[in-house]
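Sharing a structure here in structure tokens format.
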Amino acid sequence: MFSQKKRIVTSIALILLMKSGTVLAPDGFEAFQPRSAPAPADWKIFMEANESFRQHLWDYQSQRGLKLGDWAWGWRLGWTRACGASTTEWCAAILKDGLADKALLVRADAAKRIGERYAGSGDQAMIKLLEAAAVDPRNSRNGKPLIVHERILYALKSIGGRDATAAGTRIATRDAQSAVYWSRISAM
């Protein structure tokens with residue numbers, strides 16, 4: 001565990017490197033602790049970092065054997081948020097993994113970001129992925145859909161097209177609350 005002083009020094013160094021556009025040497029990423037919850041300063045640095053910085057961080061940690069699910073849940077949420085604005089393939093893979101994450105909030109955010117990233121595309125692979133995620137038993141409790149279902153339905157609406165509409169209708173017919181929500185957003 002980092003001492004507060006060491007964390008502050010590391011954060012300042014990361015800010016300076018991130019702002020300068022310099023990529024850290026691999027040993028510079030050693031100070032980064034993906035299995036620990038992000039401190040507010042670390043979260044801010046990460047969210048303000050440029051995409052190159054985040055990609056190098058991701059690549060470094062991946063080469064060490066870490067997958068998205070190995071990161072602390074706050075970092076996993078950060079990855080889905082950061083990758084929602086990206087058009088890179090490595091970020092698309094993170095969003096797909098996020099849709100199957102163990103944390104409900106990460107799954108919900110991944111669905112939202114997929115909808116934003118693929119808006120208007122009619123992307124068949126994403127439609128199938130979202131429809132499969134809708135039947136994940138972790139996305140319901142006591143037979144009632146959780147927030148992930150609404151995010152999936154909204155993502156399908158955003159992606160658009162005949163297949164997305166059909167998938168949304170199939171998902172919505174499984175639950176009265178989802179049917180009402182789907183009807184409401186379909187009218188938009």
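The values are calculated or read from the model by the stated rules, or taken from the named source; none is laboratory data. Predicted model, so just to flag it, every value in this text is computed and none were measured. Note that we place each Cβ from the backbone using ideal geometry, even for glycine, and neighbour counts take in every protein chain shown.
Only residues that are within 15 Å of G84 (Cα to Cα), of a type in the set (D, E, K, R) and either buried (at least 23 other Cβ atoms within 10 Å of the Cβ) or in contact with a Phe, Trp or Tyr (Cβ under 9 Å, 6 or more places away or on another chain) (or both): list them for the range 112-162, please.
Matches in the range 112-162: K112, R113, R151.
Under 8 Å by Cβ, and 6 or more places apart or on different chains, what pairs join a residue from the range 42-65 that is farther than 13 Å from W90 by Cα with one that is of a type in the set (S, T, Y)?
Cβ pairs passing all conditions: D42/S11; I45/S11.
Within the set of pairs 6 or more residues apart or between chains, which connect a residue that is touching a residue at least 24 places away in the same chain (Cβ under 8 Å) inside the range 101-130 to a residue that is aromatic (F, W, Y) and part of a loop (DSSP other than H, G, I, E, B) with Cβ atoms less than 8 Å apart?
Pairs found: M126/Y118.
Specify the residue that is farthest from G143 (Cα to Cα); the eligible residues are those in the range 163-178 that are surrounded by fewer than 15 Cβ atoms within 10 Å (Cβ to Cβ) and small (G, A, S).
By that ranking, first place goes to A166.
What is the residue count in the range 172-182 for residues that are of a type in the set (S, T, N, Q) and closer than 14 Å to A155 by Cα?
1
While we're on this one: At pLDDT 95 or above, part of a helix (DSSP H, G or I), more than 28 Å from E51 (Cβ to Cβ) and charged (D, E, K, R): does that describe E131?
yes
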